[in-house]
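A short worksheet on the structure shown next.
Read the figures in this text as sums done on the coordinates, not as results from a lab. Predicted model, so just to flag it, every value in this text is computed and none were measured. Glycine also receives a Cβ, built like all others from the backbone with ideal geometry; neighbour counts cover every protein chain displayed.
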């Protein structure tokens with residue numbers, strides 16, 4: 001069942017009040033463009049995305065005792081309570097957003113709207129970029145994770161370019177229950193469980209730009 005919620009106002013980072021909440025295939029919150037980030041802020045973040053910091057990561061899941069495989073460019077901006085020193089050289093919009101997302105209150109509020117316990121969490125912020133052919137296979141996240149949130153920074157993205165986030169109820173389900181298309185400032189947050197199967201579809205050869213996002217990963221416990 002979909003529950004419409006009150007749209008958020010404009011700010012550097014708006015209060016986490018999603019456009020919609022869904023319970024199937026697992027709890028997730030949808031933020032339409034303008035609901036989480038002010039349009040001007042989203043545009044500024046997209047224009048100043050620090051692609052030069054990212055490095056290519058690709059793996060065969062079997063080598064890491066995992067069933068997850070991927071090809072993605074990534075950079076960890078904040079981890080274990082510390083922000084990467086490279087952040088000092090970023091645009092002011094990035095520095096402000098990093099500080100607000102890494103604050104304990106933000107993670108707790110996302111936990112609350114997803115129906116998760118009110119407990120200590122540690123936030124990791126990661127920049128990601130999927131170029132043509134980039135993907136991440138279907139998987140669930142590690143048990144110590146509370147939630148994940150994708151904040152997309154690819155304005156003008158078209159569904160035929162691929163790169164959508166598919167949500168599934170089962171590991172071998174033929175079609176996703178929901179598919180979330182990236183865009184300019186839209187976002188999806190979802191609760192982790194043993195059944196929170198998701199994947200990033202391959203970016204097609206028709207894509208005219210990379211699929212870029214800021215990921216918010218929340219883990220149970222303190223840094």
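Below is a table of values for the structure above.
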| quantity | calculated |
| --- | --- |
| Pairs where the first residue, in the stretch 80-95, is surrounded by 14 or more Cβ atoms within 10 Å (Cβ to Cβ) and the second is in a loop (DSSP other than H, G, I, E, B), C-beta under 6 Å, 6+ apart | 90/50; 91/48 |
| Top-ranked residue of the stretch 100-158 - restricted to ones that are without any contact (Cβ under 8 Å) to a residue 40 or more places away in the chain and buried (at least 17 other Cβ atoms within 10 Å of the Cβ), ranked as nearest to residue 220 (Cα to Cα) | 108 |
| Breaking point among (1) in contact (Cβ under 8 Å) with a residue 12 or more places away in the chain; (2) out of contact with any helix residue (DSSP H, G or I) (no Cβ under 7 Å at 6 or more places or on another chain), for residue 67 | (2) |
